Amino acid sequence: MSSATPTINMAATGANIKALLKARVLKVADVQNRCGFNTPQAVFKWMRGDAMPSIDNLVILSHLLGVTIDEIIIIN
């Protein structure tokens, strides 16, 4: 077991969100609407790895994508 503290790989997590959306044939607008955002900017920030979804939005995203939160987040 490694003694290193696990960290979230934001770039890889963003790429994973983008890939999961594509695999489920979902659009950014689908996520935007489900999360209640007025604009798609937050979703694009997630996909670029510039920001992470809040816990509430991770729950929504996991439900929308049909995966667990652990399957969305990529850990270093």
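All of the numbers you see were taken from the coordinates with simple rules; none came from a lab. Since we're looking at a predicted model, the values are computed, not measured.
A full extension of the chain between ARG24 and ASP70 corresponds to an added length of 14.8 nm, given 0.36 nm per residue minus the alpha carbon distance.
Screening the chain for whole DSSP H helices with an alpha carbon extent of at least 18 angstrom along the helix axis and a mean Kyte-Doolittle hydropathy of at least -0.5 yields 10-23.
When both the stretch 1-42 and the stretch 48-76 are represented by their alpha-carbon centers, they are found 5 Å apart.
Taking each DSSP H run with n ≥ 4 as -39500 (n - 2.57) and averaging over every residue of the chain yields -16000 deg cm²/dmol at 222 nm. Dividing the Cα radius of gyration of the stretch 10-71 by 2.2 N^0.38 Å, with N the residue count, gives 0.96.
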